[in-house]
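Worksheet: the structure to be examined is printed underneath.
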Amino acid sequence: MTIAVGDSLPAATFKEKTADGPVEVTTDALFKGKKVVLFAVPGAFTPTCTMNHLPGYLENRDALLERGVDDIAVVAVNDMFVMGAWAEKSGGMGKIHFLSDWDASFTKALGLDIDISAAGLGVRSKRYSMLVEDGVVKSLNLEENPGQATVSGAAAMLEQL
């Protein structure tokens, strides 16, 4: 079953590589009492994710925060070292959270996993964005085509705020 608007996020613990080293980030710590934009990508460093999806959120970070968002996070089924390298390479370290769902447990609990083994990627996350308020999904924007980042992009999220 896929998560829907009005549902609470499942409990999960992510790994994040920060400037101070690796940390664990729980869903409670990230979402409780906050308005958070969460977006997911099939993989760090993949073309659409790196050239389109992530840059939109980095470029619109301040505009999102000005509209009442407390935090922004990207999640992918990659290990924390890959996510940390992506954060550093993209200039996003310290600006948004780069969350590792290393075993896809969060992604599977959402019902948003996809098996793209045929492309050599294994089980990954579908591309989506969501607005989460106090752990409850207020909007969910799922891409039909994983090679595009339009309905889940930052511009679309700004229109929803």
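The values are calculated or read from the model by the stated rules, or taken from the named source; none is laboratory data. All values derive from a computational prediction rather than experimental measurement. Cβ placement follows ideal geometry from the backbone for every residue including glycine, while neighbour counts extend to all protein chains displayed. The accessibility values were calculated without ligands, DNA or RNA, using every heavy atom of the protein model including side chains. Shrake-Rupley method; radii C 1.70, N 1.55, O 1.52, S 1.80 Å.
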Net charge of Cβ neighbours under 13 Å - reference N52; Lys, Arg +1; Asp, Glu -1: -1
Residue-averaged [θ]222 nm for the chain, counting only DSSP H segments that reach four residues, each worth -39500 (n - 2.57): -6500 deg cm²/dmol
Among (i) 15.9, 50; (ii) 14.0, 41; (iii) 16.1, 44, find the value of Rg and Dmax of the Cα atoms in Å that was calculated from the structure presented, and write down its label. (ii)
Would you calculate the separation in nanometres between label points at K89 and Q160, each defined as 7 Å from the Cα along the Cα-to-beta-carbon direction? 2.7 nm
Would you mind telling me the antiparallel percentage of the DSSP bridges in the chain, rounded to 5? 70 percent
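Grab the Cα-Cα distance for S139 and A118, subtract it from 0.36 nm times how many residues apart they are, and report the gain in nm with one decimal.
Difference between extended and current length: 4.5 nm.
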Using 7 Å Cα-to-Cβ label points, what is the A63/T150 separation (nm, one decimal)? 1.8 nm
How much accessible area does I116 have with a 1.4 Å probe, in Å² rounded to the nearest 10? 40 Å²
With every protein chain kept in place and ligands, DNA and RNA left out, what is the accessible area per residue of the chain? Probe 1.4 Å, answer in Å². 46 Å²
Counting only protein heavy atoms with a 1.4 Å probe and every protein chain in place, the carbon and sulfur fraction of the accessible surface of the chain in whole percent equals 51 percent
Give, as a single signed number, the net charge of other residues whose beta carbon lies under 15 Å from the beta carbon of T13, with Lys and Arg counted +1 and Asp and Glu -1. -2
